[in-house]
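> Take this structure, written in structure tokens, and hold onto it; I'll ask about it next.
The values are calculated or read from the model by the stated rules, or taken from the named source; none is laboratory data. Quantities reported herein were computed from a predicted structural model and do not represent experimental measurements. So basically every Cβ, Gly included, is an ideal-geometry build from the backbone, and we count neighbours across all protein chains shown. When the accessible area is computed, the model is the full protein with side chains, heavy atoms only, and any ligands, DNA or RNA have been set aside. Shrake-Rupley method; radii C 1.70, N 1.55, O 1.52, S 1.80 Å.
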Amino acid sequence: MRGLPLAALEAIVVLCGHDTAPVGGDLVESYRLAALEDVLRRAVGALGGGNLATAAEYVFGLAQGTRDWPIGERRKQAALVYGVSTERFRKHHERLIVEQTAEAMLRLCLRVGLQRQVDGEGHGLRPAGEV
């Protein structure tokens, strides 16, 4: 994800409580990466432990000592968590992990947005059903 201008991820970073002063319309790069990692770690933590969270830590390089591992090595370790081949993991489990982590990120945004409503910070977010 480093160096990729992913607008959706940047929006999630801001919605999850990392308001920043934009520089040229973009988040300051070093802050963007740290904030994105924080949101990702929180989302993986919200998966509730077990195989899903453990494998997600490997996939995203969040497990201690895996940040600099190539994706193939991280994928291989994650496949061991499920006891499947690396290829089976890549085609099935990895997709599930990415989907579940993305949903956890959205839940984090929702919680932060609702809390901002309670705190009066709004930012245009409204709970479902309100106009």
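> Determine, yes or no, whether R32 is at pLDDT below 95 and either surrounded by fewer than 13 Cβ atoms within 10 Å (Cβ to Cβ) or assigned to a helix (DSSP H, G or I) (or both).
Numbers: at pLDDT below 95: yes; either surrounded by fewer than 13 Cβ atoms within 10 Å (Cβ to Cβ) or assigned to a helix (DSSP H, G or I) (or both): yes.
Here the answer is yes, as R32 does meet what is asked.
> Would you confirm, using the coordinates I've provided, whether A43 is at pLDDT 75 or above, outside any loop (DSSP other than H, G, I, E, B) and within 27 Å of A78 (Cα to Cα)?
Taking the combined requirement at face value, the residue satisfies it.
> How about region 63-78: which of its residues are open to solvent by 80 Å² or more (accessible area, probe 1.4 Å), closer than 16 Å to E37 by Cβ and of a type outside the set (F, W, Y)? Even if it seems obvious, please write down each step before you answer.
Initial filter on region 63-78 (open to solvent by 80 Å² or more (accessible area, probe 1.4 Å)): 64, 67-70, 73, 76.
This time we only want the ones that are closer than 16 Å to E37 by Cβ, so: 64, 67-69.
Those that are open to solvent by 80 Å² or more (accessible area, probe 1.4 Å), closer than 16 Å to E37 by Cβ and of a type outside the set (F, W, Y): Q64, R67, D68.
> Can you pull out the residues in region 86-105 that are polar (S, T, N, Q) and either at pLDDT 95 or above or open to solvent by 50 Å² or more (accessible area, probe 1.4 Å) (or both)? Walk me through how you get there before you give the answer.
First, pick out the residues of region 86-105 that are polar (S, T, N, Q): 86, 100-101.
T86, Q100, listed by residue number.
> Among the listed residues G72, G83, G122, G65, which satisfies the condition of being of a type in the set (G, A, S) and modelled with pLDDT under 90? Working first, answer last.
Details: G72 fails: modelled with pLDDT under 90; G83 fails: modelled with pLDDT under 90; G65 fails: modelled with pLDDT under 90.
Answer to the check: G122.
> Is there any pair linking a residue in region 30-42 that is under 16 Å from A63 (Cβ atoms) to one that is of a type in the set (D, E, K, R), with Cβ under 9 Å and at least six apart or on different chains, and which?
Hits for this filter: R41/E57.
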